[in-house]
């Protein structure tokens, strides 16, 4: 069952919300609810991915160093783009 909830929006955001609501033939509150749900679902998914990655890292034996990863990312969109790095840190 829906419960009332109040938020403050700046005029430009409220105008955009109202315009979109009219285009979608929905209420502004419906669109705001869907936007909030989407945001919260994305945040939850991100936390789950981070948790799963952390748990996987606890059992892995090979890692890619920060230096190797940084060099790869910094090479993106350059004339000398590097291939994805291979693990360079190993533990027993």
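Rule-based calculations on the coordinates, nothing more; no lab input. Keep in mind the model is a prediction, meaning the values are calculated, not measured. Don't worry about glycine lacking a Cβ; one is built from the backbone with ideal geometry, like all the others, and counts go over all protein chains shown.
Arranged from highest to lowest average of other beta-carbon atoms within 10 Å per residue, in what order do the peptides 24-37, 55-68 appear? All intermediate terms of the calculation are to be shown ahead of the outcome.
On the way: 24-37: 12.6, 55-68: 10.4.
Per-residue mean Cβ counts within 10 Å order the peptides as 24-37, 55-68.
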Ranked by Cβ crowding within 10 angstrom, fewest neighbours first, how are 6, 75 ordered?
6, 75
Ranked from fewest to most other Cβ atoms within 10 Å of their own Cβ, 1, 69 fall in the order 1, 69
I need the P(r) histogram for the chain: all alpha carbon pairs, bin width 5 Å from 0 out to the longest distance, whole percents.
2, 10, 11, 12, 11, 9, 8, 8, 11, 11, 5, 1, 0
Report the gain in length on full extension from residue 80 to residue 52: 0.36 nm times residue separation, minus Cα-Cα distance, nm rounded to one decimal.
6.8 nm
Contour excess over end-to-end distance, with Cα ends at residue 26 and residue 7 and 0.36 nm allotted per residue
5.0 nm
For the range 10-59, compute Rg over Rh where Rg is the Cα radius of gyration and Rh is the Kirkwood radius from the inverse mean 1/r over Cα pairs.
1.31
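Given a cut-off of under 8 Å on Cα pairs at least six residues apart, what relative contact order in percent is computed for the chain?
Reported relative contact order: 20 percent.
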Give me the extension gain from residue 89 to residue 64: residue separation times 0.36 nm, minus the current Cα-Cα distance, reported in nm with one decimal.
8.4 nm
Burial ordering of 3, 73, fewest other beta-carbon atoms within 10 Å first:
3, 73
